Ligand code: ADP
C-alpha cells in the first residue's frame, strides 16, 4: 500500500471538509487549489475560483496592506503573516476573513506556493462593529481599566468630559486626584475615586459626586462599576459607566432649599395661629358650637405644625445640621406617652394597642427625637391597620443598648416596596390606592434619627399580614437587670 498516496488522500479529505477556507496560491497570486469552505464563503464553484487571483477577490481598500505583506514574504523578510481583510463575494457583498498565509519554498529556497487559510469572521466583525457603534454613541461615559488600574479604553463621551475633573490631563492610571468632590463639598481622596475603588475589586452603583472646581459650571456624575473576569474567574480589570446627572442633582437641591425655606417661613405665622387658638379656647363665653369648631381648627393646625416639624427635620438631615441633644432619658416613659397619644386614633379605628415595656429603661439619647420615632412608627402602625387589628409595642434592654419593636397585624408592605419605605417621600402603592393620608416622610425621619443615634432600623413585612419595625439603639445608661 502506498503510504504517501494515502496521506495525500487524507490531506485532500481534510482540506475539502475543513470548515476553514483553504487555498494554495501560486507566487503570481492565482488560486491553484481551493477547498469547499472557501467556495461557499466567496460564492463560487471551485473551477470559477481557480480562474481568479487573490488580488481580484480582495476589497480594493485592503489590497495594498495584503500585497505589502505578500511581497515581504516573497522577499524572505518574513515567512508567514496574518491579517483581517475584506473579500468580495460573487454576489457583490463583503465577507470579512481572518487570513493566515505561509510560504512554502523548494529545497533551493525558491518560492513554490503559498498556503492560505481564511476564517469567515463576518458575523463576528459585524457584532464588533455594532458593539463599537453602541460604545461610541451612548450618552454615558464608558471606561475600561486593566487589572492594575491602567486605562485601557474609553469612549468619546468619557474623553469629552475628562477635562472637567482633570484640567491638567490624566496619566491613565486609576486613582489620580482631580477636581472631584463629594456632594457635601469634601474633596475626594484617592481611595474614594471611582476608578480606584473599581481597581480594588469593588462593584457599585449610583456613586454620586461633583466634578469641576467652578461651582457654577461643575457637573454631577453617577457612576457604576463592574469587575471584568476571565474564563477562570480571574480579575482582568473593571468597566465603569459615568452618567452625567447635573440637572437632577440641581433640581433636588432646589427642591430641598425650597422645602426648607417654605417650612421656615410658615413656622412663625403658624405658631401665632396656635397661640391665639389656645387663648380663644380658654374663653368661657363660647357657645358649644363655636367651641366644637374651634377644636377642629386647633386639631388641624396641630397637624400642620407636625407636618412642618417633619419638613424642618428633613431639611436638617439634608444639609447635615441635624443635631441631637442627648440626655438620660427613660425610654419606657417615652413609649407610654407616645402610646397614650396614639390611643385616641387607635380606639376610633378599632385597633387594639398592646404594650410590653419594663418599668424603667434609661438611655443616653435625645428624648424628643426618640418620641418622634415612636410617634411615626405608632401612627403608621395604626394608619395601615384595619378594624380588629392589633398593634404591639415591645421595649427591652440588651447588653449594650435597647431594642424597640412596633409590630402590627395590618395591611403589610409589598415585597418589592420593603426596601424603599425609608426613602424620603416614598409612599407605598397600596397606601396611595387606599388613599391613606401621608407625606412619605415619616419613615425617612425615623431612619435619620435612629442613624444619628448610631442605631439601626429594619422592617419585616408581608402583604396582608402586617409589619414589624425593629429599632436597635446603643447607649444603655442603667445596668442590665
Ligand atoms: P407615609 O405613611 O406618610 O406614606 P412613611 O414614610 O411613614 O410615609 O411610610 C412610607 C410608606 O411605607 C407608606 O406609604 C406605606 O406604604 C409604608 N408603611 C409604613 N409603615 C407601614 C406599616 N406599619 N404597615 C404597612 N405599610 C407601612
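The values are calculated or read from the model by the stated rules, or taken from the named source; none is laboratory data. Nothing here was measured: the structure is a model prediction, and the numbers come from that model. Methodologically, a virtual Cβ is constructed for each residue, glycine included, from the backbone with ideal geometry; neighbour enumeration extends over all protein chains shown.
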(request) For residue 379, indicate whether it is within 24 Å of residue 472 (Cβ to Cβ), near the ligand (Cβ under 9 Å from one of its atoms) and not in a strand (DSSP E or B). (result) yes
(message) Being part of a loop (DSSP other than H, G, I, E, B) and within 30 Å of residue 425 (Cβ to Cβ): is that true of residue 185 here?
(response) yes
(request) Quick one: which residue in 388, 438 is within 9 Å of the ligand (Cβ to nearest atom) and closer than 24 Å to residue 347 by Cβ? (result) 438
(message) Please determine whether any residue of region 280-290 is over 25 Å from residue 145 (Cβ atoms), part of a helix (DSSP H, G or I) and in contact with a helix residue (DSSP H, G or I) (Cβ under 7 Å, 6 or more places away or on another chain).
(response) yes
(request) Can you work out which of the residues in region 365-376 that are surrounded by 16 or more Cβ atoms within 10 Å (Cβ to Cβ) and more than 12 Å from the ligand (Cβ to nearest atom) is nearest to residue 311 (Cα to Cα)? (result) 369
(request) Among the residues of region 423-450, write down those that are touching a strand residue (DSSP E or B) at 6+ places or on another chain (Cβ under 8 Å) and either over 15 Å from residue 379 (Cα atoms) or assigned by TED's automatic domain parsing to the domain that holds residue 311 (or both). (result) 447, 450
(request) Test residue 346 against the criterion of being under 41 Å from the mean Cα position of the chain (by Cα), surrounded by 15 or more Cβ atoms within 10 Å (Cβ to Cβ) and in contact (Cβ under 8 Å) with a residue 60 or more places away in the chain, and give yes or no. (result) no
(request) Just give me the residues in region 121-165 being touching a residue at least 60 places away in the same chain (Cβ under 8 Å) and assigned to a strand (DSSP E or B), in sequence order. (result) 141, 142, 143, 144, 145, 146, 152
(request) Please work out if residue 386 is in the same structural domain as residue 333 (by TED's automatic domain parsing), out of contact with any helix residue (DSSP H, G or I) (no Cβ under 7 Å at 6 or more places or on another chain) and within 11 Å of residue 339 (Cα to Cα). (result) no
(message) For the structure I just gave you, tell me whether residue 395 is assigned to a helix (DSSP H, G or I) and in contact with a helix residue (DSSP H, G or I) (Cβ under 6 Å, 6 or more places away or on another chain).
(response) no
(message) Take residue 403 and tell me if it is assigned to a strand (DSSP E or B), in the same structural domain as residue 331 (by TED's automatic domain parsing) and either within 8 Å of the ligand (Cβ to nearest atom) or surrounded by fewer than 17 Cβ atoms within 10 Å (Cβ to Cβ) (or both).
(response) yes
